[in-house]
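**Q** Pasting in a structure now, in structure tokens, and then I'll have a few things to ask.
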């Protein structure tokens, strides 16, 4: 199950060379993950009210090509693995057929006090 999220590159996203500043790719994939979990029915506000939050534990990223002002990009997100405590997603940013950025993101569920905890079964079910 792939989630697709469109992104348009705005002037504010670019550096002095007119290409997307490297840290903004992390923003793009974060937006895509947030949209994905919302579309799955995982209400992060309700989760927080219940004392649980998602925390990114690890990101492995590859910058493959450059994106520029006004490019139309797409972020693909899919589950790579899911366990009782962690979720690993593969994310790919493309411009048409050109791969721009690739990342593997591992997130864990934690209490609002900062302790790791198991993912609730209903959330795991949404992501399988």
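The values are calculated or read from the model by the stated rules, or taken from the named source; none is laboratory data. Keep in mind that this is a model prediction, so the values were computed, not measured. Heads up, the Cβs are rebuilt from the backbone with ideal geometry, glycines too, and the neighbour counts pull from every protein chain shown.
**Q** Can residue 29 be described as in a helix (DSSP H, G or I), surrounded by 18 or more Cβ atoms within 10 Å (Cβ to Cβ) and modelled with pLDDT of 95 or more?
**A** yes
**Q** Of the conditions (1) modelled with pLDDT under 95; (2) exposed (fewer than 12 other Cβ atoms within 10 Å of the Cβ), residue 8 clears all except one; give me its number.
**A** (1)
**Q** Hey, another quick one. Applying the selection to the range 50-78, what residues are closer than 19 Å to residue 39 by Cα and in contact with a helix residue (DSSP H, G or I) (Cβ under 6 Å, 6 or more places away or on another chain)?
**A** Passing the criteria: 75, 77.
**Q** How many residues does the range 88-128 contain that are surrounded by fewer than 18 Cβ atoms within 10 Å (Cβ to Cβ), out of contact with any helix residue (DSSP H, G or I) (no Cβ under 6 Å at 6 or more places or on another chain), touching a residue at least 60 places away in the same chain (Cβ under 8 Å) and within 19 Å of residue 3 (Cβ to Cβ)?
**A** 1
**Q** Any residue at all in the range 13-20 that's in contact with a strand residue (DSSP E or B) (Cβ under 8 Å, 6 or more places away or on another chain), under 21 Å from residue 104 (Cβ atoms), buried (at least 18 other Cβ atoms within 10 Å of the Cβ) and modelled with pLDDT under 95?
**A** Scanning the range 13-20 turns up no residue that is in contact with a strand residue (DSSP E or B) (Cβ under 8 Å, 6 or more places away or on another chain), under 21 Å from residue 104 (Cβ atoms), buried (at least 18 other Cβ atoms within 10 Å of the Cβ) and modelled with pLDDT under 95.
**Q** Also, I was wondering about something else. For residue 39, all conditions in the list (1) more than 12 Å from the chain's Cα centre (by Cα); (2) farther than 15 Å from residue 2 by Cα; (3) exposed (fewer than 15 other Cβ atoms within 10 Å of the Cβ) hold save one; what is the number of the exception?
**A** Result: residue 39 passes all but (2).
**Q** Among the residues of the range 42-62, what is the count of those that are more than 15 Å from residue 87 (Cβ to Cβ) and either out of contact with any strand residue (DSSP E or B) (no Cβ under 9 Å at 6 or more places or on another chain) or without any contact (Cβ under 8 Å) to a residue 40 or more places away in the chain (or both)?
**A** Counting residues in the range 42-62 that are more than 15 Å from residue 87 (Cβ to Cβ) and either out of contact with any strand residue (DSSP E or B) (no Cβ under 9 Å at 6 or more places or on another chain) or without any contact (Cβ under 8 Å) to a residue 40 or more places away in the chain (or both) gives 6.
**Q** On the given criteria, is residue 47 at pLDDT below 95 and either in contact with a helix residue (DSSP H, G or I) (Cβ under 6 Å, 6 or more places away or on another chain) or part of a helix (DSSP H, G or I) (or both)?
**A** yes
**Q** Related question: Those residues that are within 30 Å of residue 11 (Cβ to Cβ), surrounded by fewer than 15 Cβ atoms within 10 Å (Cβ to Cβ) and over 14 Å from the mean Cα position of the chain (by Cα), I need them from the range 45-87; list them, please.
**A** Across the range 45-87, the qualifying residues are 62, 63, 64, 65, 68, 69, 70, 72.
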